[in-house]
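Peer 1: Let me begin by handing over the structure; questions about it come next.
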Amino acid sequence: MAAAAQQTNSLVDKFGRRVDYIRLSVTDRCDFRCIYCMTEEMQFVPRKQVLTLEELYAVARAFTELGVRRIRLTGGEPLVRSNVMHLVERLGRLPGLDELLLTTNGNQLDKYAGPLQAAGVKRINISLDSLDAEKFRRISRVGKLDRVLAGIDAAIAAGFDRLRINSVVMRGYNEDEVLPLVEYALERDIDIAFIEEMPLGEASDHDRADTTCSNTWVRERIERRHELLDSAVKTAGPSRYAQVVGRKSRVGFISPVTHNFCADCNRVRVTVEGRLLLCLGNEHSMDLRAILRDDGKDFEDLKAAIVAAMDLKPERHYFFEKDHAQPVRLMNMTGG
Ligand code: SAM
Ligand code: SF4
């Protein structure tokens with residue numbers, strides 16, 4: 001029965017978009033406090049409201065039985081969740097799942113890279129916004145650059161299919177780091193993606209309108225030194241890739257602010273409270289935790305709720321559009 005269900009994808013929204021990718025947040029907590037993501041004094045979700053590892057697994061299984069092929073574990077920082085490897089190992093064996101992926105700040109990757117690879121995680125994205133220890137600390141508020149670099153070295157040594165650096169470029173903070181970060185990726189034959197800062201929640205230290213830096217600007221800067229060839233390869237995520245000519249690395253551009261990619265959206269998010277978020281930039285959601293914790297409801301009810309939720313998926317986000325309310329949810333609550 002389960003095998004038959006796995007062959008079809010029942011997750012299609014009102015606009016004909018097929019959802020085959022979920023980002024599953026395993027915690028809202030983090031060992032960093034990046035200025036674009038969190039406030040300095042974050043209030044985290046009370047533990048009782050956080051999905052247990054068992055509940056997270058049930059959600060993942062329900063989605064794969066409905067046709068989801070890729071799950072990206074995220075947060076908050078996924079590697080601060082206690083016993084996270086127990087969940088990762090189970091997900092690595094989940095029938096029907098083609099790719100188990102992870103996004104991390106890299107702070108604990110020197111310890112986890114080997115076990116993650118052994119558990120079946122295929123690709124990892126590691127956030128790195130600067131190669132200058134001072135700038136790195138200013139952006140992450142508390143992070144130590146050498147810890148992250150050691151984590152990246154460990155991930156390279158562990159032999160993942162592909163590794164990618166994620167960098168959020170902020171005017172006045174790290175726009176001069178674009179080229180050094182590209183060189184760093186090229187030297188290691190890994191990919192790098194530049195992400196435009198999104199207006200998710202209020203940033204406490206800066207006005208996002210002043211810092212958001214367009215990927216058009218980032219690309220121009222890279223092309224002063226490297227030839228980029230747009231790649232025809234379409235990946236599951238929102239990144240548009242360009243090959244660095246003559247090199248193994250690709251440069252990705254995730255440009256939600258300047259290039260709306262909603263028409264191709266194939267993903268939804270589940271927050272650590274079990275809220276199925278249909279869109280990064282809107283509040284449309286379904287409470288899966290209520291179903292998981294209702295004794296009168298079973299696994300089939302969970303799947304039915306997920307299918308029903310597809311009708312709630314909005315057509316697009318409205319970042320920085322004055323006539324529309326901006327999300328109040330911070331990124332660590334959203335699951336990046
Ligand atoms: N802690 C992990 C990390 O930092 O990679 C995973 C979670 S984090 C929320 C996922 C990604 O979201 C990171 O690459 C981070 O840089 C990005 N991010 C966080 N807040 C953002 C914002 N306001 N705009 C754009 N990207 C953001
Ligand atoms: Fe933590 Fe990642 Fe948010 Fe930085 S971006 S505060 S590392 S969750």
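The values are calculated or read from the model by the stated rules, or taken from the named source; none is laboratory data. Here the structure is a predicted model, which means the values were calculated and not measured. Neighbour counts run over all protein chains shown; Cβ positions are idealised from the backbone, glycine included. Ligands, DNA and RNA are excluded from the accessible area calculation, which covers all protein heavy atoms including side chains. Shrake-Rupley method; radii C 1.70, N 1.55, O 1.52, S 1.80 Å.
Peer 1: Quick one: accessible area per residue over the stretch 75-141, 1.4 Å probe, rounded to a whole number of Å²?
Peer 2: Using a 1.4 Å probe on heavy atoms only, each residue of the stretch 75-141 averages 39 Å².
Peer 1: Isolated Cys in the chain by the 4.7 Å beta carbon test?
Peer 2: 30, 213, 262, 265, 279
Peer 1: If you project the alpha carbons of the stretch 190-301 onto the principal axes, what extent comes out on each, in Å, largest first?
Peer 2: Largest first, the stretch 190-301 extends 61, 35, 25 Å along its Cα principal axes.
Peer 1: With only Lys, Arg, Asp and Glu charged, each at its Cβ (+1 for the first two, -1 for the last two), find how big the charge dipole of the chain is about the Cα centre; round to the nearest 20 debye.
Peer 2: Rounded to the nearest 20 debye, it is 620 debye.
Peer 1: Could you please state, rounded to a whole Å, how far the C-alpha centre of the stretch 248-315 is from the C-alpha centre of the stretch 136-158?
Peer 2: If you average the Cα positions of each part, the centres end up 29 Å apart.
Peer 1: Counting only helical runs of four or more DSSP H residues, what would the 222 nm mean residue ellipticity of the chain come to if each run contributes -39,500 (n - 2.57) and the total is spread over all its residues?
Peer 2: Mean residue ellipticity at 222 nm (helix-derived): -8500 deg cm²/dmol.
Peer 1: May I ask you to compute the full-extension gain from residue 209 to residue 284, defined as 0.36 nm times their residue separation minus their alpha-carbon distance, rounded to one decimal in nm?
Peer 2: This chain segment gains 24.5 nm when fully extended.
Peer 1: If you roll a 1.4 angstrom probe over the protein chains with everything in place, what fraction of the accessible area of the stretch 4-334 belongs to carbon and sulfur, to the nearest %?
Peer 2: Its accessible area is 48 percent carbon and sulfur atoms.
Peer 1: Give a residue-ordered list of calculated ³J(HN,Hα) values for the stretch 251-257 (Karplus: 6.51 cos²θ - 1.76 cosθ + 1.60, θ = phi - 60°; whole Hz; x for Gly, Pro).
Peer 2: Karplus-based 3J(HN,Hα) across the stretch 251-257 equals 10, x, 10, 10, 10, x, 7 Hz.
Peer 1: Taking all pairs of distinct Cα atoms, average 1/r, flip it, and tell me the Kirkwood hydrodynamic radius of the chain in Å to one decimal place.
Peer 2: 20.3
Peer 1: I need to check one value: relative contact order of the stretch 4-334, counting alpha carbon pairs closer than 8 Å and at least 6 residues apart, in percent.
Peer 2: Rounded, it is 21 percent for the stretch 4-334.
Peer 1: Residue by residue, what Karplus-based ³J(HN,Hα) values in Hz, rounded to whole numbers, does the stretch 170-175 have, using 6.51, -1.76 and 1.60 with θ = phi - 60° and x for Gly and Pro?
Peer 2: 10, 4, x, 10, 8, 5
Peer 1: Something else now. Give the separation of the Cα centroids, the stretch 164-215 to the stretch 10-53, in Å.
Peer 2: About 21 Å separates the Cα centre of the stretch 164-215 from the one of the stretch 10-53.
Peer 1: If the elastic network links every pair of Cα atoms under 10 Å, which of 43, 108, 117 fluctuates the most in the Gaussian network model of the chain?
Peer 2: Of 43, 108, 117, the Gaussian network model singles out 43 as fluctuating most.
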